[in-house]
Amino acid sequence: MSRLEAYEQVVGHQEIERLRQLARGLAGKRVVHVNSTRVGGGVAEILSWMVPLMKELGIDAHWEVIQGPPEFYRVTKAIHNNLQGLPVPLTDKDLELHKAVNEENAARLDLEADVVIVHDPQPVFLPVYTKSTRVGRWVWRCHVDASRPTRRVWKHLEEAINQYDAAIFHMAAFTRPLRCPMFLIPPSIDPLSDKNRPLPENERLEILEQLGVDHDRPLLVQVSRFDRFKDPVGVIQAYRLIKPYYPDIQLVLAGGPADDDPEGPEVLRQVMDHAGADRDIRVLMLPPDSHVQINALQRSATIVLQKSIREGFGLTVTEALWKGKPVIGGACGGITLQVHDYHTGFLVYSVEGAAYRIRYLLRYTDKRQRMGRLGHEFVREHFLLTRHLRDYLIMLLLVERKDVARLPSAFAA
Ligand code: UDP
């Protein structure tokens, strides 16, 4: 079975047919994606399904990776942080290195294409150093919240971004005024990946047992890095407020090792302190490839929490909704696109608000089930990879047109 046929079982014939129809207008067009790594991170994950699916649809799609010395990645990480508003020091030499590595890569990479899609700031200077005749159109795909960058870094990046024919952001709140047209394309999840595929009941129960979670009792789950902005301590506080009313409730906070995040160990320590000796709170440190374990936890939850106080998109929310779980989410970033009060869950602004909504949902099983059904359908319609691909095809068709510059400056595909 081809990949597209496999997805047809999930999203239906019509959706796949729509993709085929849209792709007809792009048959044989050469589309090159460029990012900075082939493995690890969300962008690589997206490209590893998107490029083969584009090929299957008859597009001559390719994936190129920019390369540089270790120093380059330190600089681009600092640029990335500044783009998101975190002022990390950068010298003039650092910014020159960013450009120089782009210049070398512009000569090395095979960028001859109808459209080149450049992901994130690392390779953003490629159009500045590539002969204009080799590339039909340039598109910049920004995967982070770029609405409040530091001035210096924005000035540096703007020189490159002004060379693009279009830009793509997750959502309107993440954009900045740009000269080129902008497309709004939120991310998506893969319904057939280990993290999201249906899980046989015996496999789910076996995993719960391995993780030391009781399958008979109500369960609250938050899956996220141990990061202050994900507010794991707030989740424990909310749990504590409802524990007297639901003594058999359990809480799982699952996250990965946080060695690469200097604040991670400190946040984890705070979480452990707050958890104390409560045997109904399980703080799980899972290895990075624990996709099936996360799948099992999300599927076993009575309610999923994502009580963030700042968030990018919140793929954990999408994953939980897809599994038919109501989500109580902090009202920020992409969570507000996914959680709709009384429909797919509740948006909350405080520990007390979270506790109040947990009590409500624990009390009304029918409402939980109804929200779960709505959430699953909502994700099917808006946040699966087939919709993501459809948006890209529409963007490519529009960008390919000669009059792309006359598109409205903010354009939702
Ligand atoms: N995740 C994981 N292991 C962990 C914590 C998170 O695999 O220990 C996954 C989670 O299932 C989701 C992604 O990492 O797919 C996190 O994406 P999200 O947008 O929620 O948050 P981010 O970490 O990008 O801020």
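Of all residues in segment 317-333, those that are more than 12 Å from the ligand (Cβ to nearest atom) and surrounded by fewer than 22 Cβ atoms within 10 Å (Cβ to Cβ) total 2. Might you let me know whether segment 23-32 holds any residue that is touching a Pro at 6+ places or on another chain (Cβ under 6 Å), surrounded by 16 or more Cβ atoms within 10 Å (Cβ to Cβ) and aliphatic (A, V, I, L, M)? No - not one qualifying residue is present in segment 23-32.
For Asp114, the test of being more than 16 Å from the ligand (Cβ to nearest atom), farther than 22 Å from Leu337 by Cα and in contact with a Cys (Cβ under 8 Å, 6 or more places away or on another chain) is failed. I'd like to know if segment 55-73 contains one or more residues that are surrounded by fewer than 14 Cβ atoms within 10 Å (Cβ to Cβ) and touching a Gly at 6+ places or on another chain (Cβ under 6 Å). Within segment 55-73, not a single residue is surrounded by fewer than 14 Cβ atoms within 10 Å (Cβ to Cβ) and touching a Gly at 6+ places or on another chain (Cβ under 6 Å). On the basis of being more than 21 Å from Ile242 (Cβ to Cβ), within 13 Å of the ligand (Cβ to nearest atom) and in contact with a Leu (Cβ under 9 Å, 6 or more places away or on another chain), does Gly314 make the cut? For Gly314, the condition - more than 21 Å from Ile242 (Cβ to Cβ), within 13 Å of the ligand (Cβ to nearest atom) and in contact with a Leu (Cβ under 9 Å, 6 or more places away or on another chain) - is met.
Residues being away from the ligand (no atom under 16 Å from the Cβ) and within 30 Å of Ala27 (Cβ to Cβ) are represented in segment 363-382 by at least one member. Got at least one residue in segment 334-351 being touching an Asp or Glu at 6+ places or on another chain (Cβ under 9 Å), within 16 Å of the ligand (Cβ to nearest atom) and at pLDDT below 95? Yes, because at least one residue in segment 334-351 is touching an Asp or Glu at 6+ places or on another chain (Cβ under 9 Å), within 16 Å of the ligand (Cβ to nearest atom) and at pLDDT below 95.
Mind counting the residues in segment 224-268 that are of a type outside the set (S, T, N, Q), at pLDDT 95 or above and more than 21 Å from Ser290 (Cα to Cα)?
Just the residues of segment 224-268 that are of a type outside the set (S, T, N, Q), to begin with: 225-236, 238-249, 251-268.
If we keep only those that are at pLDDT 95 or above as well, we get 231-236, 238-249, 251-254.
Then drop every residue that is not more than 21 Å from Ser290 (Cα to Cα), which leaves 231, 233-236, 238-249.
The qualifying residues number 17.
Here Pro186 does not fit the description of being surrounded by 20 or more Cβ atoms within 10 Å (Cβ to Cβ) and touching an Asp or Glu at 6+ places or on another chain (Cβ under 9 Å). Between a first residue in segment 288-316 that is under 21 Å from His143 (Cβ atoms) and a second residue that is of a type in the set (Ser, Thr, Tyr) and within 11 Å of the ligand (Cβ to nearest atom), which pairs have beta carbons less than 7 Å apart while being 6 or more apart in sequence or on different chains? Correct list of pairs: His291/Ser193; Gln306/Ser224; Gln306/Thr316; Gly314/Ser308; Thr316/Ser224. Looking at Arg137, Arg152, just one residue is out of contact with any strand residue (DSSP E or B) (no Cβ under 7 Å at 6 or more places or on another chain) and not aromatic (Phe, Trp, Tyr), and that residue is Arg152.
Being in contact with a strand residue (DSSP E or B) (Cβ under 8 Å, 6 or more places away or on another chain), among the hydrophobic types (A, V, I, L, M, F, W, C), under 25 Å from Ala44 (Cα atoms) and surrounded by 15 or more Cβ atoms within 10 Å (Cβ to Cβ) is the requirement here; does Ala172 meet it? Steps first, answer last, please.
Values: in contact with a strand residue (DSSP E or B) (Cβ under 8 Å, 6 or more places away or on another chain): yes; among the hydrophobic types (A, V, I, L, M, F, W, C): yes; under 25 Å from Ala44 (Cα atoms): yes; surrounded by 15 or more Cβ atoms within 10 Å (Cβ to Cβ): no.
Criteria not met by Ala172.
Kindly indicate whether any position in segment 298-311 is out of contact with any strand residue (DSSP E or B) (no Cβ under 7 Å at 6 or more places or on another chain), charged (D, E, K, R), over 30 Å from Arg74 (Cα atoms) and crowded, with 17+ Cβ neighbours inside 10 Å. Yes, that holds for at least one residue.
Within segment 333-376, the set of residues being outside any helix (DSSP H, G or I) and charged (D, E, K, R) comprises just one member, Asp341.
The values are calculated or read from the model by the stated rules, or taken from the named source; none is laboratory data. In this text, all values refer to a predicted model and were calculated from it rather than measured experimentally. As a convention, Cβ positions derive from the backbone with ideal geometry for all residues, glycine included, and neighbour counts pool all protein chains shown.
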